[in-house]
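Below: one structure, written as structure tokens.
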Amino acid sequence: MPMTVFGRAKWFVRAVAALAALVPCAARADFHIRSPDEIDEDEWEFEHNGSASFDRNPLNNGETSYTLEIGRGVTSWWHPELELDIGRNAGPDQPTQIQGVTWENTFQLTEPGEYWLDLGLYWEYSQSTQQETPNGTLFGVLMQKDWGPTTHTLNLFLDKDIGPNQDDMHGFDFSYAWQSRWNVNRYASPAVEIYGDAGQINRLPRFADQQLLIGPVLLGSVPTGTSGQLKYELGWLFGATAATPQGTLRWRLEWETHF
Amino acid sequence: MEHFLSTLRLLAIPAAFLLFTASAGADDVMHLTIKDHRFQPERLEVPAGVKFKLLVKNEDSTPEEFESFELNREKVVPPGQEIPVFLGPLDKGEYPFFGDFHQDTAKGVLIAK
């Protein structure tokens, strides 16, 4: 019997709460809008995400992030991915190095278009590969709504450092992401994206000290043979607060296919 | 743990409210069949301006994926099974779709009137 919406949600909450209690990370939010509808059963995905930040202040300049991911739609409602995280912290003389491995999970709760809003849940665990850097876990709610020729997606996240190097005084951090996309055609469609990191949820800093990025993105896909497609995203995000780098280039390449 | 669960509940409340204040109301049901890696019919008239449910039945022995960028839908149809695709309300016009696993043969168009 197919699992109901509430059944999937209850399963998710219990599983994540149990795992969070067992595992003792700076879970890093990718510049990646997550859709609750991206569950393609039996499809494989090979993905690369990247970002590079620029700022006049040398201490805030040069942060980069690269990920290599492999994922698969295991069921019609669960999509896990395994990700290798490579990156460079902002500032001079910082090395580019492997920073960790992340296990991502997207859970679809509702059929696309069945209700007023499409709903999904997200959970990831990050294992740091760097000394004295904590591991991390991140939970999220994914929402999406089609409106005529546009699609609007909202992600709300809570993340926490865990493991032996965590700061015991630091609670959950709140972050969010938004995308409004105009579905012009499959090869190239424009969108606007917002990424924000508000900080510790019970001790929010003033707005100027929070991270906020806004900017245009171009998305599309091209077929690869008779089965599968290559998807791309390319965008420039402007820093909207003093705490945010002035500009961030982000990109994504994904090949999805069926064997 | 208590703080985490209460925070999670806070996030769940608005999502649940938005989700269940308006259901699909998809009274119209349309049918599409996949056979020999082709959609039947390849051109299907559907109502414009209302929500409707498209039932896609796969009569082949291998899976197919109903996909359409214009409709923003991508859903695998297992062999021998039928899946619902909730659509609309659509403006009048044509909305192409294809089978991602057999793109050279599985193609079609929904015509919203």
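What number of residues within the stretch B:76-111 are among the hydrophobic types (A, V, I, L, M, F, W, C), under 18 Å from B:Arg43 (Cβ atoms) and outside any loop (DSSP other than H, G, I, E, B)?
So in the stretch B:76-111, the residues among the hydrophobic types (A, V, I, L, M, F, W, C) come out as B:76-77, B:83, B:85-87, B:90, B:97-98, B:101, B:106, B:109-111.
Now narrow it down to the ones that are under 18 Å from B:Arg43 (Cβ atoms): B:85, B:87, B:90, B:97-98, B:106, B:109-111.
From the residues that got through so far, the ones that are outside any loop (DSSP other than H, G, I, E, B) too are B:85, B:87, B:97-98, B:109-111.
Of the residues in that region, 7 qualify.
Working carefully through the options A:Thr67, A:Thr137, A:Thr110, find the one that is polar (S, T, N, Q) and within 23 Å of A:Leu237 (Cβ to Cβ). Step through it out loud before you land on a result.
Numbers: A:Thr137 fails: within 23 Å of A:Leu237 (Cβ to Cβ); A:Thr110 fails: within 23 Å of A:Leu237 (Cβ to Cβ).
Sole residue among the options that is polar (S, T, N, Q) and within 23 Å of A:Leu237 (Cβ to Cβ): A:Thr67.
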- Sole miss for A:Phe46 among (1) more than 14 Å from chain B (Cβ to nearest Cβ); (2) within 16 Å of A:Glu256 (Cβ to Cβ); (3) surrounded by 17 or more Cβ atoms within 10 Å (Cβ to Cβ) is condition (3)
- Just checking, how many residues over the stretch A:103-138 are within 7 Å of chain B (Cβ to nearest Cβ) and assigned to a strand (DSSP E or B)? 2
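If a residue has to be more than 8 Å from chain A (Cβ to nearest Cβ) and within 12 Å of B:Ile34 (Cα to Cα) to count, how many in the stretch B:64-113 make the cut? Steps first, please.
Within the stretch B:64-113, the subset more than 8 Å from chain A (Cβ to nearest Cβ) is B:64, B:66-68, B:71, B:77, B:79-83, B:89-90, B:92-99, B:105-113.
Adding the requirement that they be within 12 Å of B:Ile34 (Cα to Cα) leaves B:64, B:66, B:77, B:79-83, B:98-99, B:105-108.
Total meeting the criteria: 14.
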- Task: Look at the stretch A:83-111 and say how many of its residues are within 13 Å of the chain's Cα centre (by Cα) and not charged (D, E, K, R).
- Result: 4
- Query: Could you list, in sequence order, the residues of the stretch B:96-113 that are over 20 Å from A:Asp40 (Cβ atoms) and within 14 Å of the chain's Cα centre (by Cα)?
  - Reply: B:Val109, B:Leu110
- Message: For the list (1) β-branched (Val, Ile, Thr); (2) within 14 Å of another protein chain (Cβ to nearest Cβ); (3) surrounded by 18 or more Cβ atoms within 10 Å (Cβ to Cβ), I need the number of the one condition that A:Thr67 fails.
- Response: (2)
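Readers should treat all values here as calculations from the given coordinates under stated rules, not as data from a laboratory. Predicted model only: the values in this text are computed from it and were never measured. Reconstructed Cβ throughout: ideal geometry from the backbone, glycine too, with neighbour counts over all protein chains shown.
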